Amino acid sequence: MSLNSFGHLFRVTTWGESHGPALGATVDGCPPGITITEAMIQHWLDKRKPGQNKYTTQRREPDQVKILSGVFEGQTTGTPVQLMIENTDQRSKDYGDIMDKFRPGHADITYWQKYGIRDYRGGGRSSARETAARVAAGGLAREAIKALAPNVEIKGYMTQMGPHSINRDAMDWDQIDENPFWTPDAQAATDWAEYLDGLRKSGSSVGAVIEVVAKGVPAGLGAPIYGKIDTDLAAAMMSINAVKGVEIGDGMAAAALTGEENADEISMGANGPEYASNHAGGILGGISTGQDLVVRFAVKPTSSILTTRKTITKSGQEAEIITKGRHDPCVGIRAVPVGEAMMACVILDHLLLHRGQIGENRGHIG
């Protein structure tokens, strides 16, 4: 069973564990002739890597990517691209005290119940470290998108930390790269710094909401019923470790709207259909409209905390647990480049699917 893979034509298989010698991705189905170098992929990995500021885990990993196959003289060959990232700063001894205990809120217990064996060193495959492989694959996907749909621009940002949300009236995309929280609201970044500093020093953690927007996506991507682009986007975001909810467009808030409010009115513009709003998140009937694709996902608080919690052992004994080690007080911060990577992989996959079945859009308006 291929349960470590996602995508249809652009197919990504991730491998490796948090405290193993290395992790990475095998990418199959990338078109040939795409210019790619390790430096191009490294640019995106540098955004996700740990230890960049006091608000993320202090594990020091360079996350240096190596391309092992599928690229010749700086171009993809059409064969599988193997990407590898070595682990260099594991501290497996930090987890010795929990080898027989289950962390509340963590996948420890379900991995044990399913497989009868688990890698307790950082959580193995359930660790957020696995997402480095996705970001590497997403870097490759971005370069392929440039060749097929050069107007596409993908941007992720944090809209909420714990109970504190951004002021959408103050959104400035230029601010996203100017603060450690990837937020477009400068005031929110200042407020969150103080809030998270208190949580970090107390040994606790908090959740977050991430929004990813793709601009310039052509109309027509996706297919009815089981091939919907929003189906694949939702699955891609939900597959990220620690994600507990996904929305497209207005998402759950659409339930509070009337039909008149929810309908994105259409008019004819100089370059085709124009929409007065985007409650649908750029997708109707599972097919992209040409508007911005808008996806939002919620990341739960990190389960590894320094506060004593009640649990049980593998033998069923009552116990208490404190998780030592280096953990993110808000893992949602480093989920921003991961969400961008998953958006890139899904968009490229659907560009290839659309090209294979349809070629150019057949329905013309005006």
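The values are calculated or read from the model by the stated rules, or taken from the named source; none is laboratory data. Predicted model only: the values in this text are computed from it and were never measured. FYI the Cβ positions are ideal-geometry reconstructions off the backbone, even for glycines, and counts take in every protein chain you see. Only protein heavy atoms, including side chains, enter the accessible area calculation; ligands, DNA and RNA are left aside. Shrake-Rupley method; radii C 1.70, N 1.55, O 1.52, S 1.80 Å.
Some points to look at:
- Estimated 222 nm signal from helices in the chain, with DSSP H stretches of n ≥ 4 weighted -39500 (n - 2.57), rounded to 500: -8000 deg cm²/dmol
- Projecting the Cα atoms of 308, 64, 256 onto the dipole axis of the chain, where Lys and Arg carry +1 and Asp and Glu carry -1 at the beta carbon, places 308 farthest toward the positive end.
- Across the accessible surface of the chain, with the other protein chains kept in place and a 1.4 Å probe, carbon and sulfur atoms take up 52 percent.
- Taking N as the residue count of the range 285-366, its C-alpha radius of gyration divided by 2.2 N^0.38 Å amounts to 1.90.
- Placing +1 on the Cβ of every Lys and Arg and -1 on the Cβ of every Asp and Glu, with no other charges, gives the range 98-159 a dipole of roughly 60 debye about its Cα centre.
- Springs join every pair of Cα atoms under 10 Å in this Gaussian network model of the chain, and among 140, 353, 257 the largest mean-square fluctuation is at 257.
- What the chain shows is 47 Å² of accessible area per residue, with the surface traced by a 1.4 Å probe over protein heavy atoms.
- Whole-number percent relative contact order across the range 162-224, with pairs defined as alpha carbons under 8 Å at least 6 apart: 24
- Dimensions (Å) - the chain, Cα atoms, principal axes, largest first: 69, 50, 38
- Computed P(r) (all Cα pairs; the range 153-256; 10 Å bins; percent): 12, 38, 34, 13, 3
- Simple point charges give the picture: +1 on the Cβ of Lys and Arg, -1 on the Cβ of Asp and Glu, and for the chain a dipole about the Cα centre of about 1580 debye.
- Mean separation of Cα contacts under 8 Å, 6 or more apart, over the residue count of the chain: relative contact order %: 22
- Net charge dipole size for the range 133-181 [Lys, Arg +1 and Asp, Glu -1 on Cβ; Debye, nearest 20]: 320
- Selection from 149, 335, 210, by position along the positive dipole direction of the chain (Cβ): 335
- Descending principal axes extents, the range 232-348, alpha-carbon based, whole Å: 67, 32, 23
- Longest DSSP-loop-exposure-free segment, GluC sites (Glu not before Pro), the chain, at most 14 other Cβ within 10 Å: 74-264
- Nitroxide proxy distance, nm - points 7 Å out along Cα→Cβ at residue 271 and residue 174: 2.2
- Additional length obtainable on full extension of the chain from residue 238 to residue 257, 0.36 nm per residue less Cα span: 4.3 nm
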